[in-house]
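The structure appears below as structure tokens.
The values are calculated or read from the model by the stated rules, or taken from the named source; none is laboratory data. Given the structure is predicted, the values throughout are model-derived calculations rather than measurements. Glycine also receives a Cβ, built like all others from the backbone with ideal geometry; neighbour counts cover every protein chain displayed.
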């Protein structure tokens, strides 16, 4: 996209975007300040010692807006020295910090912290700061050529929108849930039951829908004109683009395919995702939370779903977009996509670890020319450790769960429903387990029977 | 004879009319009792009496609510309801006896025919009575014959229990008398059946034949005469064009193969690798600098001899059949593949020893 542009030309190109971008941010903060000032919301943080001017939320928003307004002309200048950009050291640190292990563990830890301290993070002031930090991070990173290549690619623009929108909506839901949980602790009804005015379908709802329809259509037309879909060379069965990325909503699936056999990651697990989502109403015995936001009243359901959605789907989409480059290698977001980057990924099957590593002997192999039965038994012997491990995981673990951590759930749900839930949970957990095993031990397959296309 | 049978619509109407003319006097007294239920369709006078009877009831209500020059809609409805209050009693009672003559009796059917008559008799009316009249009809608009008959019969039933007097059947006119069955000959029927039968059979045979032909043609369509694929057997050149340690990439674009001259199990050989990843079927690239095949889709990597070593690919790349043709050139046959994990690379057809 920026091929053949000199650095100055590239910066000019980015500047034409960044100038208006910072102005939009300034206006956003100005409007927030206006809103806070008119409604009297927000609070006074401190009083300036000499002049005695109170520093209110509105004042801070205005200051932030002025800051962006000052950044805007510098960003629009197109001069590398003037344009606000991420310091080189930070970029290096981020590049180093986005290896697979740090990225995956880091996102899990981040979500855990956000969840544990949700009461702090959902405060509008804190959320506003985070929101501004996200947008500022995007603006500062855009001057980096490699980052710009990824983020400004028309295919990837929806992912940037997805991250921002998802952050916003997750905040809205969590904010309301925290309020409702506090109200419930005080014995008050949830917010949603206060606001139960009947609204007429016609004209109220239909008008809203009409306006949304028109607005969305206008937005799509603008998008289609501003960011034309990329036209690529004709498809060829003997030529695959490098890297070859799935549509953005399937990047999670593509990431799963790296760790599993195609029929597992392409057929079984996606079907289980769909079936599992459909099974939720039948598995869920918790009647609370119907028609209002809450976390405390259905913590287990909330955590499982948010982990499955945010961690197993969204962060994998972000990973596939930002961190996967040529030859499906890991690259930092500010790293040049070098097609010849060498990464040692010498993967080993569990059977090889067991027979060659642990027992120090060769894999059991059927003598050549032996019958089908002999060959099959040799294969089963070879893969016995993996098969036992997998059977233990799926058969032995649910009863253990039932008598230990999930005792109460087992009593409430009964055998069949509990087994269903336990197995769905275990299947979901198998993906992160497999990912960690791959990254840490270079483990390829736990059961590897390539002779019959059966790998797990 | 006739009363044992079901009465026709015309008979019912006739009976109803007769009954009306007999019991007309009684109807007046009945309607006077419930002012709102003028149930006499054939006597407009009764209806005309009934209508004025309601009129005083309507102004009576606004008196309760003083100050209103014009009654509000609510008032009108209240008035109408007050006027109607007595009606259900009158209507409900006759409903039960009405069941007998009417095939499908409706409780309120009695009023149905009354309303038009009322409207004719007193065209100028206040809102209350119009509403009342309208409300009396359970189904406004045109009515079917059966409903009309039911209405008229039940109208009489309002007055007293209906005595169904079966009218003497008129003598059937000549044209209505059953004609003696025409002496039909058996033969023409048989002939016609034969004719249709055979035509039908022919049609079905034709249909079946055409369907079978279509099926066959569809099957044939799967095996076209022209195959727009490169031939599965092709020559790639003399063996000395493939020096040791080289991966020849120039056949990849057209044929989807690499011709490799390298060692496998310590034995130098020339073989043809299929350029399809064994994980999910993307086309890997040969990276000369790293001496490996690398798939761009999920990162599977293969050594130069095609053995998988990184990424998710579960098994090595496949080989195509290869041999030295009679003219000394190497000939690759894509119709046969050899899989390492099945031990097929030992097959001499899968390589050319160097």
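Some observations on this one:
- Index of the failed condition, residue A:404 passing every other in (1) touching a strand residue (DSSP E or B) at 6+ places or on another chain (Cβ under 8 Å); (2) within 29 Å of residue A:275 (Cβ to Cβ): (1)
- Residue that is nearest to residue A:320 (Cα to Cα) [pool: residues in segment B:284-295 that are within 9 Å of chain A (Cβ to nearest Cβ) and crowded, with 23+ Cβ neighbours inside 10 Å]: B:295
- Taken as a whole, the structure leaves residue A:394 outside the set of residues that are within 12 Å of another protein chain (Cβ to nearest Cβ) and surrounded by fewer than 16 Cβ atoms within 10 Å (Cβ to Cβ).
- Selection within segment B:266-278: residues that are within 14 Å of chain A (Cβ to nearest Cβ) and surrounded by fewer than 24 Cβ atoms within 10 Å (Cβ to Cβ). The member of this set that is nearest to the chain's Cα centre (by Cα) is B:276.
- Residues that are out of contact with any strand residue (DSSP E or B) (no Cβ under 6 Å at 6 or more places or on another chain) and within 12 Å of chain B (Cβ to nearest Cβ) within segment A:321-330 comprise A:324, A:325, A:326, A:328, A:329, A:330, listed in sequence order.
- Those strands (runs of 3 or more DSSP E) lying entirely in segment B:260-317 with at least 3 residues within 19 Å of residue B:249 (Cβ to Cβ): B:267-274, B:285-287, B:292-294
- Contact annotation: residue pairs with Cβ atoms under 6 Å, 6 or more positions apart or on different chains, pairing a residue in segment A:255-270 that is at the interface with another protein chain (Cβ under 7 Å from one of its Cβ atoms) with a partner that is in a helix (DSSP H, G or I) and at pLDDT 85 or above, are A:257/A:265; A:259/A:434; A:259/A:435; A:259/A:438.
- Segment B:232-252, residues that are under 19 Å from residue B:327 (Cα atoms) and free of Cβ contacts under 8 Å to residues at least 12 places away in the same chain: B:240, B:241
- Test: residue A:42 is in contact (Cβ under 8 Å) with a residue 24 or more places away in the chain, buried (at least 17 other Cβ atoms within 10 Å of the Cβ) and either part of a helix (DSSP H, G or I) or not assigned by TED's automatic domain parsing to the domain that holds residue A:79 (or both): no
- Residue within segment A:273-290 that is at positive phi, surrounded by fewer than 19 Cβ atoms within 10 Å (Cβ to Cβ) and modelled with pLDDT under 90 present: yes
- Residue in segment A:301-308 that is surrounded by 16 or more Cβ atoms within 10 Å (Cβ to Cβ) and more than 30 Å from residue A:196 (Cβ to Cβ) present: yes
- One residue alone among B:320, B:255 is in contact with a strand residue (DSSP E or B) (Cβ under 7 Å, 6 or more places away or on another chain), within 11 Å of chain A (Cβ to nearest Cβ), over 27 Å from residue A:255 (Cα atoms) and touching a residue at least 40 places away in the same chain (Cβ under 8 Å), and that residue is B:255.
- Whether a residue is surrounded by fewer than 19 Cβ atoms within 10 Å (Cβ to Cβ) and over 23 Å from residue A:134 (Cα atoms) was assessed, and residue A:34 does not pass this test.
- Checked against (1) in contact (Cβ under 8 Å) with a residue 12 or more places away in the chain; (2) more than 27 Å from residue A:108 (Cβ to Cβ); (3) within 14 Å of chain B (Cβ to nearest Cβ), residue A:387 passes all but a single condition, namely (3).
- Residue check for residue B:315: more than 7 Å from every other protein chain (Cβ to nearest Cβ), closer than 16 Å to residue B:342 by Cβ and buried (at least 19 other Cβ atoms within 10 Å of the Cβ): no
- Any hit, segment A:402-412, residues being free of Cβ contacts under 8 Å to residues at least 12 places away in the same chain and within 14 Å of another protein chain (Cβ to nearest Cβ): no
- Among the residues of segment A:244-253, those identified as closer than 30 Å to residue B:251 by Cβ and either at pLDDT below 85 or more than 7 Å from every other protein chain (Cβ to nearest Cβ) (or both) are A:245, A:246.
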